[in-house]
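Let me begin by presenting the structure, written as structure tokens, before commenting on it.
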Amino acid sequence: MSDLDNVKKLREETGISLMECKKACEEAGGDIEAAKEILRKRGQAMAAKKSERITGEGRISSYIHQNGRIGVLLDVRCESDFVAKSEDFENLSKEICLQVAAMKPMFVSEEEIPADVLEKEKSIYLEQAKNSGKPEEIVEKMVQGKISNYKKEVSLMSQPWVKDDSKTISDLVKECIAKTGENMTVARFVRYEL
């Protein structure tokens, strides 16, 4: 495959600009998989740079499961009305709605979990760990590990994506930021279930 074919293929697979794809292909010596990894790393860096920018536009997306017993309303924000109407942003919103329906997160991010909720979980895990008969330092590590897992389970942004568990929802958002060039945030969601 020629260099131009590699750039085109990378563009089709990632949706990232031709110029960025060309740079990544050159840097990877024509290896498409290595170029994808370079673009992912750049996307993470780009998302970090843009994270301070105000997200005043966006959309409310919804999802009703086919059995009519689960519904989701989602508020996702971006910087401009133009991006809010884009296919990339719409697809991201749909994927996050599906995630909320399937995985039942309770909070958008780990930082939003109230301290009293964490303390309650910690006391439960501590009681369980003490009953294991393990030494005190092991008990503390067990509790910390369980708290860390709990945070990931109940926080949307930390959850593994249901369609590809090698990515978190945070990774998915960062990829969309890299594609569109705008900061994006999940503001809130509500999940309904009969």
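Things worth noting here:
- Those residues of the stretch 129-140 which are surrounded by fewer than 13 Cβ atoms within 10 Å (Cβ to Cβ) and assigned to a helix (DSSP H, G or I), in sequence order: Glu136, Glu137, Ile138
- Selection count where residues are part of a helix (DSSP H, G or I), under 21 Å from Met184 (Cβ atoms) and of a type outside the set (S, T, N, Q), scope the stretch 141-163: 3
- Unique residue being in contact with a His (Cβ under 7 Å, 6 or more places away or on another chain) and either on the phi < 0 side of the Ramachandran plot or modelled with pLDDT under 90 (or both) when the list is Ala101, Ala115: Ala101
- Scan of the stretch 13-40 for residues that are modelled with pLDDT under 75 and acidic (Asp, Glu), ordered by number: Glu13
- Filter result for Val162 (under 13 Å from the mean Cα position of the chain (by Cα) and under 23 Å from Arg69 (Cβ atoms)): yes
- When the stretch 152-172 is filtered for residues that are touching a helix residue (DSSP H, G or I) at 6+ places or on another chain (Cβ under 7 Å) and crowded, with 17+ Cβ neighbours inside 10 Å, the ones remaining, listed by number, are Ser155, Leu156, Met157, Ser158, Gln159, Trp161, Thr168, Ile169, Ser170, Leu172.
- Among (1) under 23 Å from Tyr63 (Cα atoms); (2) not in a helix (DSSP H, G or I) - the single one Glu175 does not satisfy: (2)
- Leading residue by the ranking (surrounded by the most Cβ atoms within 10 Å (Cβ to Cβ)) among those in the stretch 178-191 that are part of a strand (DSSP E or B) and basic (Lys, Arg): Arg191
- Considering Ser166, Ser170, the condition of being outside any helix (DSSP H, G or I), outside the structural domain of Arg42 (by TED's automatic domain parsing) and free of Cβ contacts under 8 Å to residues at least 40 places away in the same chain is satisfied by Ser166 alone.
- Exclusive hit being without any contact (Cβ under 8 Å) to a residue 24 or more places away in the chain and surrounded by fewer than 18 Cβ atoms within 10 Å (Cβ to Cβ), set Leu126, Leu194: Leu126
The values are calculated or read from the model by the stated rules, or taken from the named source; none is laboratory data. The model shown is predicted, which means the values in this text are computed figures rather than measured ones. Here Cβ is always computed from backbone atoms with ideal geometry, including for glycine, and neighbour counts include all displayed protein chains.
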